[in-house]
Amino acid sequence: MPQGHVHDRITLWSLPLIAGGTFVVSRDGNLTLLISGGFLFGGLMFGPDLDIYSRQYKRWGWLRWIWLPYQRMLRHRSFWSHGPLVGTFLRIVYLGFWCGLFGAIGLWIAHDFTDIEPVKQWVVQTVRQSLQTHPFEYFALYLGLEVGAMSHSMSDWSHSAYKRWRAGGWAGLLNQPKTARRSASPSLKTLKTKPDKNK
């Protein structure tokens, strides 16, 4: 499959087309910004290769450890990480779990300093009102994330299909090899000494 820098170039070169096409169709600067921003984030930091030790994974910096359980649960290039719609949705739910956990810890710590019940009610009310008031904006952001992720997956699939076609012709395209489970990300101690690779 293409190396990490190839995926980055595909994302960056496609961004003007995504932004221009979105603005021509929608005539809305906010939707264009949401879709383009989602596409850029989805292609560079929130894409399918978070299931392995990759450029996307390393870009999370000191927060990248949150993706280790995700990597343990999924096979690389499985339907659950690289599949259309499902992969992006699963990553949103997974990241939402961590955001909720961090928020709950923050509220628990704040309990000693303030009354926590009004804060909880305000958070729930604000999230509910935001979802009811701006559903189309949330859909636009999701669409941008999905297109960014799919640009990655499509380049993986097309590159693999081309290699199979070169090796075995049309019969090679029909016989898809099973995906083997990849090794998990290296430990934090290994991360400091591991040389930076393209992927």
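A compact table of results
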read-out: Which listed residue, of 103, 96, is modelled with pLDDT of 90 or more and small (Gly, Ala, Ser); value: 96
read-out: Contacts under 6 angstrom Cβ, first residue in the range 22-34 being within 17 Å of residue 135 (Cβ to Cβ) and in contact (Cβ under 8 Å) with a residue 60 or more places away in the chain, partner part of a helix (DSSP H, G or I) and open to solvent by less than 50 Å² (accessible area, probe 1.4 Å), 6 or more apart; value: 31/140; 34/140
read-out: Residue tally, condition surrounded by 20 or more Cβ atoms within 10 Å (Cβ to Cβ), over 22 Å from residue 144 (Cβ atoms) and either polar (S, T, N, Q) or in contact with a Cys (Cβ under 8 Å, 6 or more places away or on another chain) (or both), over the range 42-98; value: 1
read-out: Enumeration of residues in the range 4-21 that are open to solvent by 40 Å² or more (accessible area, probe 1.4 Å), in contact (Cβ under 8 Å) with a residue 12 or more places away in the chain and not hydrophobic (A, V, I, L, M, F, W, C); value: 5
read-out: Enumeration of residues in the range 65-80 that are in contact (Cβ under 8 Å) with a residue 40 or more places away in the chain and of a type outside the set (Ser, Thr, Tyr); value: 65, 67, 68, 71, 72, 75, 76, 77
read-out: Helices (runs of 4 or more DSSP H) (entirely within the range 1-76) containing at least 1 residues that are among the aliphatic types (A, V, I, L, M); value: 4-26, 29-44, 68-73
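The values are calculated or read from the model by the stated rules, or taken from the named source; none is laboratory data. This structure is a prediction, so every number in the text was calculated from the model and none was measured. Please note: Cβ atoms are built from the backbone with ideal geometry, for glycine as well, and neighbour counts cover all protein chains shown. Quick note on the areas: whole protein, heavy atoms, side chains included, nothing else; ligands and nucleic acids left out. Shrake-Rupley method; radii C 1.70, N 1.55, O 1.52, S 1.80 Å.
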